[in-house]
1. When you check A:Leu57 against the structure, is it closer than 19 Å to B:Asn3 by Cβ, free of Cβ contacts under 8 Å to residues at least 40 places away in the same chain and in contact with a Gly (Cβ under 8 Å, 6 or more places away or on another chain), yes or no?
2. Failed condition for B:Pro41, given (1) within 11 Å of the chain's Cα centre (by Cα); (2) within 12 Å of chain A (Cβ to nearest Cβ); (3) open to solvent by 50 Å² or more (accessible area, probe 1.4 Å), with all others met?
3. Restricting to the range A:48-57, and then to whatever is open to solvent by less than 80 Å² (accessible area, probe 1.4 Å) and not hydrophobic (A, V, I, L, M, F, W, C), can you tell me which residue is farthest from the other protein chains (Cβ to nearest Cβ)?
4. Among the residues of the range A:58-77, is any at pLDDT below 90 and open to solvent by 30 Å² or more (accessible area, probe 1.4 Å)?
5. When both residues are 6+ apart or on different chains and their Cβ atoms are under 7 Å apart, which pairs have a first residue that lies in the range A:230-241 and is hydroxyl-bearing (Ser, Thr, Tyr), and a second that is not in a loop (DSSP other than H, G, I, E, B)?
6. Out of A:Ala43, A:Ala64, A:Ala106, A:Ala37, which single residue is facing chain B (nearest Cβ under 8 Å) and out of contact with any helix residue (DSSP H, G or I) (no Cβ under 6 Å at 6 or more places or on another chain)?
7. Could you run through the range B:14-24 and say how many residues are touching a helix residue (DSSP H, G or I) at 6+ places or on another chain (Cβ under 8 Å) and closer than 18 Å to A:Asp51 by Cα?
8. If you take just the helices (runs of 4 or more DSSP H) that sit entirely in the range A:159-258, which of them hold at least 3 residues that are open to solvent by 50 Å² or more (accessible area, probe 1.4 Å) and not aliphatic (A, V, I, L, M)?
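The values are calculated or read from the model by the stated rules, or taken from the named source; none is laboratory data. Computed from a predicted structure; not experimentally measured. Cβ atoms come from the backbone with ideal geometry, glycine included; neighbour counts cover every protein chain shown. These area figures cover heavy atoms from the full protein model, side chains too; ligands, DNA and RNA do not enter into them. Shrake-Rupley method; radii C 1.70, N 1.55, O 1.52, S 1.80 Å.
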Amino acid sequence: MDRLVIAGRTFSSRLIIGTGKYPSHQVMQQAHEASGADMATVAVRRVNISDRTKESLLDYIDTAKIFLLPNTAGCYSADEAVRTARLGREAGLSNWVKLEVIGDEATLFPDNEGLLEATRILVKEGFVVLPYTSDDLVVCRKLVDAGAAAVMPLGAPIGSGLGIQNPNNIRIIREFITSVPVIVDAGVGTASDAALAMELGADGVLMNTAIAGAGNPAAMAEAMNYAVRAGRLAYTSGRITRKAYATASSPADGLIGR
Amino acid sequence: MLNGDRFDLAASLTVSELLAQLDIDPRRVAVEHNLTVLKKPAYDTTRLIEGDAVEIVNFVGGGAR
């Protein structure tokens, strides 16, 4: 079977989903189910001390089916990200982290220097580090050298829905990063974007807003489920080469009237 | 300090006692005490005193940011 394997752990789906921005926990649960995903990323935040009435997110995630991937979203320094990762490990009791060190508020582009620093620290502490990074081969290489368990280049700014803005960068990263999975993280807007990411050779796609913000999140989740599988199949099937002119599909012999 | 806000301790408490007082399920949170993340077994043995900085966090919805 063609399965996604990260750090020795096998996933049945190549789609990784978020848990934020859904209209309700119930809608999130339906979307998760429709997505077929078995890994979901969660944020680590302060407990609201004064208001304890809010329902816990975990009541709506079937953790027997869905592997929780704590993230360091919103962290702007290596120090903050490392602290958050350590807390996430304790809250979730797994040593995996989707590592984000953000460098710019308007674009949410990664601070790759801080990202590398945090990756080195967390790998030393035994974490399985999945870093969200720029679509830059050189940075991806440095992350792999630092011990990252995957590289997660962005397709477009987080939450932008612009689709893969630089397909060639993703293709190049795929070509040269072969020792760990390449997961396109962020930027997907609709199903064809996810399919394209997979056709470019990505091992997986991580998305949140494209599903959570859709008019019908559960239906979009199903679309993404198909798109990721279709894209993967297309990638592994060996597409035809592009030609400038037509090549007939039907025989030239036996035409009537000739 | 508790989650960035001033928090008055009536008496010296363990982390377990603090969580119970706040009605927080210890299985669903992580606790940082003076910048060190506590393992769950340490909740019973870690005593909080005036001037300590405590962070109690849990998982919330998020994909990125």
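1. Numbers: closer than 19 Å to B:Asn3 by Cβ: yes; free of Cβ contacts under 8 Å to residues at least 40 places away in the same chain: yes; in contact with a Gly (Cβ under 8 Å, 6 or more places away or on another chain): yes.
Spelling it out, A:Leu57 is indeed closer than 19 Å to B:Asn3 by Cβ, free of Cβ contacts under 8 Å to residues at least 40 places away in the same chain and in contact with a Gly (Cβ under 8 Å, 6 or more places away or on another chain).
2. Failing condition for B:Pro41: (1).
3. Here is the first cut: in the range A:48-57, the ones open to solvent by less than 80 Å² (accessible area, probe 1.4 Å) are A:48-49, A:51, A:56-57.
Now narrow it down to the ones that are not hydrophobic (A, V, I, L, M, F, W, C): A:48, A:51, A:56.
On the way: A:Asn48: 9, A:Asp51: 11, A:Ser56: 6 Å.
Ranking the candidates gives A:Asp51 first.
4. So the first thing to find is which residues in the range A:58-77 are at pLDDT below 90, and the list is A:58-59.
Subset that is open to solvent by 30 Å² or more (accessible area, probe 1.4 Å): A:58-59.
Within the range A:58-77, one or more residues are at pLDDT below 90 and open to solvent by 30 Å² or more (accessible area, probe 1.4 Å).
5. Listed by first residue and then by second, the contacts come to A:Tyr235/A:Met198; A:Tyr235/A:Glu199.
6. Details: A:Ala64 fails: facing chain B (nearest Cβ under 8 Å); A:Ala106 fails: facing chain B (nearest Cβ under 8 Å); A:Ala37 fails: facing chain B (nearest Cβ under 8 Å).
Checking each option against the conditions leaves just A:Ala43.
7. So in the range B:14-24, the residues touching a helix residue (DSSP H, G or I) at 6+ places or on another chain (Cβ under 8 Å) come out as B:14-16, B:19.
Those left that are additionally closer than 18 Å to A:Asp51 by Cα: B:19.
Going through the range B:14-24 one residue at a time, the tally reaches 1.
8. Numbers: elements: A:167-176, A:191-199, A:209-212, A:217-237.
Of the helices (runs of 4 or more DSSP H) lying wholly inside the range A:159-258, those with at least 3 residues that are open to solvent by 50 Å² or more (accessible area, probe 1.4 Å) and not aliphatic (A, V, I, L, M) span A:167-176, A:217-237.
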